[in-house]
Structure formats: structure tokens, C-alpha cells
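Here is the structure we will look at.
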Amino acid sequence: MPTYNEGQILHHATLHQLQVFEVAARHRSFTRAAEELFLTQPTVSMQIKQLTKAVGLPLFEQVGKRLFLTDAGENLYATCNRIFEQLAEFEMKVADMKGMKQGRLKLGVVTTANYVIPRLLGPFCHRYPGIQVSLNVTNHDRLLDRISENRDDLYILSHVPQQLELQSYHFLENPLVVLANRNHPLVKEKRVSLKRLALEPFIMREAGSYTRRSVQRLFDEQGLSLDIKMEFDSNEAIKQAIAGGMGVSVLSLHTLALEGASGQLAILDVENFPIENQWYVCYIGGKQISVIAQTFLQFLQTEGRKIGQQTMETTRGLEMVRN
Ligand code: PGA
């Protein structure tokens, strides 16, 4: 028999309120919940207020500027996670019953893979028009947080951490190359040394990026330090800064896929480059993935290679600047 409170919650709380609460509790912020859900902040507050009334106990408490969960809030947050996990599983079963006709595919990918995955999604969605895809793009470290929170069906990244026990499949090379403005004096030189490169003003990806970590590791191994002048969390911003003559950088070759040989950027011939990273598609080990996710995984392994070849061809011109 339900207690009075359980009955009250079931009667008055809505699934939408629980969803709003889950996001607010995860971020410990109504403002960030409003942003994630595309709602206004007063709407979030109102939903939480009504849910609090249905529960009959405060769910959050404000201490100074920070928001904390009360004991009831913590309990409800854990309950919400279980409910939404079960609902997602149910959704997946329904989608599987419907075959590849309908359903959702949630992907979490590293910033750099953004140059490849959307291009692959085009033909995939064309082939399976009933599928709705959500693509979350973030850097390596933040992607690891998403994995620990079990937020997506599949993840794409270079470095697969052991401790997360992921099932991973290699699908594409991700070479990291040194980029400079095409008028840079080093463009004409062959086998530039790392020591020489270290003298150039360097534009670096932000902390948490695996591209950054790969570059840093190479220079550390050689006992060299880079002259980092700027940091950006966007590959595109780095390319613009190079075009503007602000310095050199190391980025994935894939960031150049649509660049064309007439652009402002050139690939330098530097010893120890390219750094041969690889991309993997993964899911959490032991997790039952949907038919849609399995189909996309296979699609990546075949079509991903084709995209790789295209990138090699379109970027070949960027190395031709040399004599
Ligand atoms: P990043 O990750 O975009 O965070 O640098 C790159 C990668 O994992 O390939």
C-alpha cells in the first residue's frame, strides 16, 4: 500500500517536473537547467516549486550563492536516474521492435570528431530517415564525464581510458599535423626540428583536450617546452588565428577536410609528425545497445574509412606549398 506521501507524489508530480528536477540537480543550478532544456529560468523555478509541494519537503537549499540538494533532493535525484534509465531502456526496446524505422541515436563525440561525424550522419540519416540523432560535442575530458554519467549510446574519442571499461572499435586514423600560415618561412623547409618549432609562437587547445595532451606529451618527451601564446577551445578559432598570422599549432588533419589548397593554411614538414592518433567508437561495456546504435557502429567502420581517404585526398594540396 502506498503511504500518503507516495500517493501524493504520484498524483501531483509530472514526468516533466521530474525531468526538470533531474537536470537542475545534476547542474546544481536552475540557470544551467534552463539553458539545457531551452526553458526560461522562472519556468524551471515554477516546476521545481510544484514538485517540492507534491513531495512535501524542500528539495534544494541555497547556501550563499551555491545550491545544494537536501536529503530528500538527493533521494529524489537517485530515483529520477533510475526512472529515466528504465524509460530509456523501454524506449530502446520499442525502437528495436520497430526495427530501423524509428528511434533515437545519442552520440557523444570529441570536439575534433565534429569534422567527421556530421558528414557521416548525412548518408546514415538518408538511409534511415525515421531516426532522430542528437550529437553532443565536447572535449576529451568532458566526454569522459558524459561516459561516467551514461548519457549517450555511443562515444567517439582517441584515447580510450582503461578504467571506464568500454567496448571500443577502431574506425579511423586521426593524424595530428603542424599547421602554419601558408606565408610562414618554415613552409619551405624540410624536416623542421621540434627544437626549431618550439621557438614559434604556439596556439594551443584548452586543458582537457586530447589533442593538447598528445602535443604536450611529444614535447615533454623531448625535454622541450612550447611558447604558448594563446589557448582556444575551438579548432576553428585556432585555424582563424593561424590564418591571421598569430602563430602555429597542431591539429587533426580532419580539421582541414574542407579547407582547399587555395586557403591560408599549410601543413609543415616537422620531425616526429604526424602524431598517429586513432579514433574509436565505444560504448559502456555490458550495456545493451539498440539496433540503431549497432547499425551506426557498423556504418562507421565501413564509411568512416571512406571519409578518411577523402580527407587525405583533399588535404594533399596543403602540403604542396613546399618546393
Ligand atoms: P579533443 O580530442 O577534441 O578534446 O582534442 C581529440 C580526440 O580525442 O581525438
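Things to note:
- Residue within the stretch 43-52 that is within 16 Å of the ligand (Cβ to nearest atom), in contact with a helix residue (DSSP H, G or I) (Cβ under 6 Å, 6 or more places away or on another chain), open to solvent by less than 50 Å² (accessible area, probe 1.4 Å) and not hydrophobic (A, V, I, L, M, F, W, C) present: no
- One residue from H126, H159 being open to solvent by 40 Å² or more (accessible area, probe 1.4 Å) and within 16 Å of the ligand (Cβ to nearest atom): H159
- Flag for A198 being on the phi < 0 side of the Ramachandran plot, within 19 Å of the chain's Cα centre (by Cα) and either loosely packed, with under 15 Cβ neighbours inside 10 Å or in contact (Cβ under 8 Å) with a residue 12 or more places away in the chain (or both): no
- Hits in the stretch 53-91 - residues which are open to solvent by 40 Å² or more (accessible area, probe 1.4 Å) and β-branched (V, I, T): V63, T79, I83
- Filter result (within 12 Å of the ligand (Cβ to nearest atom), of a type in the set (S, T, N, Q) and in a strand (DSSP E or B)) within the stretch 169-214: N174
- Number of the condition not met by K188 [criteria: (1) in contact with a Lys or Arg (Cβ under 7 Å, 6 or more places away or on another chain); (2) at pLDDT 95 or above]: (2)
- Residue check for I147: open to solvent by less than 20 Å² (accessible area, probe 1.4 Å), among the aliphatic types (A, V, I, L, M), more than 25 Å from V177 (Cα to Cα) and more than 14 Å from the ligand (Cβ to nearest atom): no
- Pairs linking a residue in the stretch 271-299 that is on the phi < 0 side of the Ramachandran plot and touching a residue at least 24 places away in the same chain (Cβ under 8 Å) to a residue that is open to solvent by 40 Å² or more (accessible area, probe 1.4 Å) and β-branched (V, I, T), with Cβ atoms under 9 Å and 6 or more positions apart or on different chains, are F296/V133.
- Pairs with Cβ under 8 Å, 6+ apart, first in the stretch 111-135 and without any contact (Cβ under 8 Å) to a residue 60 or more places away in the chain, second polar (S, T, N, Q) and more than 14 Å from the ligand (Cβ to nearest atom): G130/Q102
- Considering the conditions (1) surrounded by 18 or more Cβ atoms within 10 Å (Cβ to Cβ); (2) within 14 Å of the ligand (Cβ to nearest atom); (3) in a strand (DSSP E or B), V137 is excluded by exactly one of them, (1).
- Matching option when the condition is surrounded by 18 or more Cβ atoms within 10 Å (Cβ to Cβ) and of a type in the set (K, R), among R182, R205: R205
- Summed over the stretch 92-120, the residues that are open to solvent by less than 70 Å² (accessible area, probe 1.4 Å) and of a type in the set (K, R) give a count of 1.
- Looking only at residues of the stretch 274-303 that are under 10 Å from Y169 (Cβ atoms) and not aromatic (F, W, Y), we find that the one that is farthest from the ligand (Cβ to nearest atom) is Q298.
- Residue within the stretch 254-271 that is within 16 Å of the ligand (Cβ to nearest atom) and among the hydroxyl-bearing types (S, T, Y) present: yes
The values are calculated or read from the model by the stated rules, or taken from the named source; none is laboratory data. If you're wondering where the values come from, they're calculated on a predicted model, not measured in any experiment. Ideal geometry is used to build each Cβ from the backbone, glycine not excepted, and the neighbour counts take in all protein chains shown. The accessibility values were calculated without ligands, DNA or RNA, using every heavy atom of the protein model including side chains. Shrake-Rupley method; radii C 1.70, N 1.55, O 1.52, S 1.80 Å.
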